[in-house]
1. Among the listed residues D548, D566, D557, D544, identify the single one that is over 21 Å from the mean Cα position of the chain (by Cα) and more than 25 Å from S158 (Cα to Cα).
2. Only one of (1) closer than 30 Å to E248 by Cβ; (2) out of contact with any helix residue (DSSP H, G or I) (no Cβ under 9 Å at 6 or more places or on another chain) is not met by H524, so which one is it?
3. Just need a number here: residues in segment 94-144 that are not aliphatic (A, V, I, L, M) and not in a loop (DSSP other than H, G, I, E, B).
4. Quick check, is D575 of a type outside the set (A, V, I, L, M), in a loop (DSSP other than H, G, I, E, B), out of contact with any strand residue (DSSP E or B) (no Cβ under 9 Å at 6 or more places or on another chain) and outside the structural domain of M196 (by TED's automatic domain parsing)?
5. Determine which member of the set T334, T304 is in contact with an Asp or Glu (Cβ under 8 Å, 6 or more places away or on another chain), of a type in the set (S, T, Y), closer than 20 Å to P362 by Cβ and not in a loop (DSSP other than H, G, I, E, B).
6. When you go through D544, D548, D487 one by one, which is the residue that is acidic (D, E) and assigned to a loop (DSSP other than H, G, I, E, B)?
7. So is M236 within 30 Å of T89 (Cβ to Cβ) and either at pLDDT below 95 or not assigned by TED's automatic domain parsing to the domain that holds I111 (or both) or not?
Amino acid sequence: MLIIPLLLIYALCGTAIFLQPNHNTKVDLSISGDFPTLNKASHHSKPKPKRANSSPSNSTSSAALPTGTPCAGNSPENRSQWCEYDIDTDWSEVVPDTGVTREYWLDIDEIAAAPDGYLRTVMTINGSIPGPTIYADWGDYVVVHVTNHLHEAKNGTSIHWHGIWQRATNEHDGVVSITQCPIAPGTSMTYRWRAMQYGSSWYHSHIGLQAWNGVFGGTIINGPATANYDEDAGVMILSDWTHETADEMYQFAQLCGPPELPSGLINGTNVFGTGNHTRGSRLKLQVTKGKSYRLRLVNAALDTNFIFMIDNDKLTTIAMDLVPIEPFSTYSVTIGMGLRYDIIITADQASLADSFWIRAIPLQACSENADPSNIRGILHYEDTPSVPKTLGFIYSDEKCDDIQALSLGLFRWYLNSTTMEILWEDPTLMQIYDGVSAFPNSSAVISLPKADQWFYLDIETRQPIGHPIHLHGHDFFILSQGTGAWDGSSRTENPPRRDTAMLPRQGHLVIAFQADNPGAWLMHCHIGWHTTEGFALQFLERTDEVVDTIDYELLQDTCESWITYDELHNIVQEDSGV
């Protein structure tokens, strides 16, 4: 095997990534199935927030509901079946031809709201946090019209479809500075992609810290499952929350490091305060005795790893990210930022109590939260829930790593001196279309020119915190994950498959993916502060094939609108670009 010289790229956070392409052989993987925002005008003062309407936005979608009757054969008694397909169908190669297009309209606006009872300026999708869930069936086409109403904030926006492969639709990945320019206030952009995977995910803004001001929502793609359940309880989004805008907090983070966050939300709601002085409301989940429910957990936090549990209930995990797995049961799951877990619970505890706490507990070893025991919802059997008196399970707070996916050739990427710095108005895809082939170091580019070549990345850190590493446009296989430096050993027999995985603190993460999706794909830490500060790189994959797939008119129209708006309002970019 040809060993090429190591490539060294310098950025932030004392983390090293070692990457080495294998040019001659394919690895034998045995796989079974006054700071309103960052992009503010330099002269712009803090906006006066608008009050939320009591009625929902008129701009809704007729498709913004579950798809109804599941595919033939898929029933509570047999969730593994999906029309003529089943859980054993190789979903990386086969996609059902449904002929269905599901269409949505999303309006992004800035209002005054109190998700945890504390009034502040927030950003919403269709007037809510989180935004509406995007539903599709495996194989459907999805069309989403996004309109930017952030006139007072003078913010551009975008929507990234987290975990969606975007095969032949790279310009719809929603990453400002890489796949598009920002959507300017007063304009719209239409995203189009195909649901080639199935399972649970989320969507969010991918410009600055805008997502953590409220611009996020869930995604459900219906398909087969590895275990049976009676009802789908939908997406349950866990998030931390601040009482200032995320961008105001960023000013502090730049000077003093990540701040302690005061609160947290479950599906956009919680209470804040103590004793008789609490404000807000708890999430409530009503269940029927004897039934089983699928919950789709998403960690949409800015900078919090959660341990999730429901008092007295066992959790059976059936999927990680958009990947079905063999079911396993625990009393809690640890979930890093950007990760998703599909779990099944059974309502079999009614003899003990009529209400139980749902808990999302920040792991204090790596997540600073002022009220870590207060991010809770209520699971209840009766129509009117009582305040639970139940106790949570004992858990360890000494580690902040994700579930060890491995309990079950290389570049080196050093993140400590040069950060990614790219421009909103000059996205990578536009540069590729214009024939640019040489990029500055600040673009943090790694070229992957050969079709179907396998690449291996050893990501290492000496930092005492973990990093959730997310790759766009691909799933990857986890070959090694643990504390300390990588010892060279790998798991190649049916390795776990993810699109986001935790790099353990003072540890390593070794992953592999195949260059089978031409495009410009971001890889980054999903801690919001770190991405904004440049903890990222981009893979330019088979760029000679990209130009013919790009919707140049869409790309050009969005950029022209943004450049015109930028020139009119003197927008100041203060972040890494992504």
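The values are calculated or read from the model by the stated rules, or taken from the named source; none is laboratory data. Every value quoted in this text rests on a predicted model; they were computed, and no experiment measured them. Note that each Cβ is placed from the backbone with ideal geometry, even for glycine, and that neighbours are counted across all protein chains shown.
1. Details: D548 fails: more than 25 Å from S158 (Cα to Cα); D566 fails: more than 25 Å from S158 (Cα to Cα); D557 fails: more than 25 Å from S158 (Cα to Cα).
One residue alone meets the criteria, D544.
2. That leaves (2) as the condition not met.
3. At the first step, the residues of segment 94-144 found to be not aliphatic (A, V, I, L, M) are 96-99, 101-105, 107, 109-110, 115-118, 120-121, 124, 126-128, 130-133, 135, 137-141.
Within this subset, residues satisfying the condition of being not in a loop (DSSP other than H, G, I, E, B) are 101-105, 107, 109-110, 120-121, 124, 128, 131-133, 135, 137, 141.
Qualifying residue count for the region: 18.
4. Numbers: of a type outside the set (A, V, I, L, M): yes; in a loop (DSSP other than H, G, I, E, B): yes; out of contact with any strand residue (DSSP E or B) (no Cβ under 9 Å at 6 or more places or on another chain): yes; outside the structural domain of M196 (by TED's automatic domain parsing): yes.
Answer is yes for this residue.
5. Details: T304 fails: not in a loop (DSSP other than H, G, I, E, B).
Checking each option against the conditions leaves just T334.
6. Working: D544 fails: assigned to a loop (DSSP other than H, G, I, E, B); D548 fails: assigned to a loop (DSSP other than H, G, I, E, B).
Within the list D544, D548, D487, the selection yields D487.
7. Details: within 30 Å of T89 (Cβ to Cβ): yes; either at pLDDT below 95 or not assigned by TED's automatic domain parsing to the domain that holds I111 (or both): yes.
Answer is yes for this residue.
Condition check ((1) acidic (D, E); (2) buried (at least 24 other Cβ atoms within 10 Å of the Cβ); (3) in a loop (DSSP other than H, G, I, E, B); (4) assigned by TED's automatic domain parsing to the domain that holds G338) across all residues:
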{"residue": "T190", "(1), (2), (3), (4)": "no, no, no, no"}
{"residue": "I207", "(1), (2), (3), (4)": "no, yes, yes, no"}
{"residue": "D232", "(1), (2), (3), (4)": "yes, no, no, yes"}
{"residue": "H243", "(1), (2), (3), (4)": "no, no, yes, yes"}
{"residue": "E248", "(1), (2), (3), (4)": "yes, no, no, yes"}
{"residue": "A253", "(1), (2), (3), (4)": "no, no, no, yes"}
